[in-house]
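Data first, discussion second: the structure below is written as C-alpha cells.
Values in this text are rule-based calculations from the coordinates and carry no lab data. Keep in mind that what you see is a predicted model, and the values were worked out from it rather than measured. Note that each Cβ is placed from the backbone with ideal geometry, even for glycine, and that neighbours are counted across all protein chains shown.
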Amino acid sequence: MPGLVRRPLVIWLLAALAVPVLLTAVLIPARAGTTEDDLRERTESALKARGIETSHVDFDGRDARVAVPAGVDAGRVREVVAGVDGVRSVSVENSQASGSTPTPTTAPTTGTAEESGVPAFEVGRTNRAIRVQAPVKSQAVKDAVTAEVEQLLGEDREYDDRTTIDPANGLADATTLSALLRALAIGTGDASVRYDGTTVTLSGQVPDQATKATVGRAAARAVPGAVIADELELPAAAKTAVSEPCRTFQSRLGAFTRQHPIIFLSGTSIVNDASKPSVVKAAALLKSCTTARVEVAGHTDNLGSPATSLPLSERRAAAVKDQLVRLGVAPDRIIANGYGESFPIASNDTGAGRIANRRVELRPRQ
C-alpha cells in the first residue's frame, strides 16, 4: 500500500517538471523567429530609407549579417544597421554577382573610378541651382540623393537633376554623394565637387579663406582616404578705405613705446606699479584700430643666466598679452615673444640701466 501511494506522487512530480521544459522548447524558437523577422524588416527599411542597396539581410538572434553589392560603403552599412534598436552586432559581406559565397568587403585604396568600381560623378552649385550628374544603381538611391538635395536647396535654388539609373555601373548608395553635397553647400557662388574614385577635386569660388578651409576639411571627411585637389579660388580683395586711426597706428605705436615704458620687478613677470597705467593706455591704443596686429616683445637685464633669462622674458611678454586681452583686445591680434637679455636699450652696469632693460615693447606686425 505505501508503494501504491508514492508512485502516482512521483509521476505527478515528473510531469510538473517536464511541462515547463516542453513549453520553453516550443515557445523560445517561435519567439526567436519573431524577433529575427522583426529585426530583419526594420533593418531593411532603415537601409532602404538611406538609399543603400543590399543583396541579403539575415539575423542569428540579434546578430546581423548583411550582404551588399560591390562598391557599397561597408562602413556606412554598419553604421545604419548598428543604429537599429535591438541589433547587437553587424557583419557586412560583399555578395558577388555570380552568386558565390560572400566575401568580406575591401575598400579600394588606389586606382581610377573604373578600377575601383565607383563611377565618376560631379556636383555643381550656383546661387540659383544645385546640379548632380551621376549614375546610380536604383530608384531608391536616386530618391535618397533627391531628398538630400532638397534639404540643401533653400528658397532661392533649384535642383538640376542629371542623375541616371544604371543598375550595372551606378553608385550603389548615396552616402558619399550626400556627404559631398553637404560639403559643397558651405558658401555661395559657383563651385563644383568632382569625384573619380580616387581624387575629390574642388573648383570654383568661395567667399573667403575660412570657407575654403571648411570646404576642404568637409570633403576630406566625406571621402576618407581620397586625395583632395583644392582648386577653390577666393575673390579679388576689394580695396577698402583705411581709417585715420589705422593709417597713423604704426607711428602712434612707436611714440607710445618711447613715452610709456612697461617695466617689471626684478626676476619676475610682474609689471611694476609705475608701468601699470601704460598697459591700460596700450590697450586703448590697440582698440583704436581693430585691424592692427602687434608683437609683445619681452626682455631682461643681465643678472640671470641666458638659460633663465629667455624663459623669464617669455613670461613677461605673455603676462602683458594676458592683461591686454582682459582689457578687451582680441587675442589673435597679439603675439608674445621673449628675447632674453639679447637686446638691451641701456647699460647693464648701472641700476637704472638694468631697470630700463626689464621691459616689454609693442611692435607692429603684418
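Key figures
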| read-out | value |
| --- | --- |
| Number of positions in segment 124-159 that are closer than 18 Å to A172 by Cα and not in a helix (DSSP H, G or I) | 7 |
| Sole exception among (1) farther than 23 Å from G216 by Cβ; (2) free of Cβ contacts under 8 Å to residues at least 40 places away in the same chain for A172, by number | (2) |
| Enumerated helices (runs of 4 or more DSSP H) restricted to segment 189-271, each holding at least 1 residues that are more than 38 Å from the chain's Cα centre (by Cα) and not hydroxyl-bearing (S, T, Y) | 244-247, 249-259 |
